[in-house]
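To start, the structure under review is shown below, and the notes come after it.
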Amino acid sequence: IKVVTDAKGGKHTTLVPAGKVLPGTEVVFTVEYTNIGKKPASDVVVTDPIPEHMVYVPDSAEGKGMAITFSIDGGKTWGSPDELEVRDADGTTHTAMPKDYNAIRWVLNGTLAVGGKGTVSFHAVLQ
């Protein structure tokens, strides 16, 4: 993400390809999907790991018509942010924080038509 100032002095953000990413830089991860089959696709699921040393930016996951869940155990279990709990070394538990998420899953509500396509995305910051 890059902040750009236009000719009138207005500022807006734009996406640029990531070259060298420094700690503290926010990166947008985008996955494109297409139904290349001969029938509408049901049970469409897109999963994407959050790369090591990256921290998910809260409320940044997007996907039109998608239910979005997260994992803190590498994709073994999935849940909404308020459902995920982390067990501390002393045995106590607390609600998982975005830094605990290590994967995101998008599940399409409905079917994807033949030739249908879309994108899902999320933002993360390099630590």
With label points set 7 Å from each Cα along the Cα-to-Cβ direction at Glu83 and Thr95, the distance between them in nm comes to 1.5
Extreme residue, positive dipole direction of the chain, given options Val125, Pro49, Ala7 (C-beta unit charges): Ala7
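Using only alpha carbon pairs under 8 Å that are at least six residues apart, calculate the relative contact order of the chain and give it in whole percent. Could the numbers behind the result be given before it?
Values: 248 pairs, mean separation 50.4, N = 127.
Across the chain, relative contact order equals 40 percent.
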Please compute the per residue accessible area over the chain with all protein chains in place, 1.4 Å probe, rounded to a whole number of Å². 66
Roughly what % of DSSP beta bridges within the chain run antiparallel, to the nearest 5? 100
With a point put 7 Å past each Cα toward its Cβ, work out how far Ser60 is from Leu126 in nm, to one decimal. 1.3
Once you sort the root eigenvalues of the Cα gyration tensor of segment 21-82 as a ≥ b ≥ c, which label holds: rounded (a/c under 1.5), prolate (a/b larger than b/c) or oblate (the other case)? prolate
In segment 46-121, GluC sites (Glu not before Pro) in a DSSP loop with at most 14 other beta-carbon atoms within 10 Å: Glu52, Glu83
Taking protein heavy atoms only, a 1.4 Å probe, and rounding to whole percent, the accessible area of segment 33-76 owed to carbon and sulfur comes out at 53
Want the number for Val27 to Asp73: 0.36 nm per residue separation, take away the alpha-carbon distance, what's left? 14.3 nm
In nm, to one decimal, how far is the Thr111 label point from the Lys38 one, both placed 7 Å along Cα→Cβ? 1.6
Evaluate the charge dipole of the chain about its Cα centre and quote only its size in Debye, nearest 20, assuming +1 on the Cβ of each Lys and Arg and -1 on the Cβ of each Asp and Glu. 720
Computed on Cα atoms, the radius of gyration and Dmax of segment 67-127 in angstrom are 14.8, 51
Ratio of segment 13-127's C-alpha Rg to 2.2 N^0.38 Å, to two decimals? 1.19
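The values are calculated or read from the model by the stated rules, or taken from the named source; none is laboratory data. Computed from a predicted model, the values in this text were never measured in an experiment. In this analysis, Cβ positions are derived from the backbone assuming ideal geometry, glycine residues included, and neighbour counts consider all displayed protein chains. Areas reflect the complete protein model, heavy atoms only, side chains present, ligands, DNA and RNA absent. Shrake-Rupley method; radii C 1.70, N 1.55, O 1.52, S 1.80 Å.
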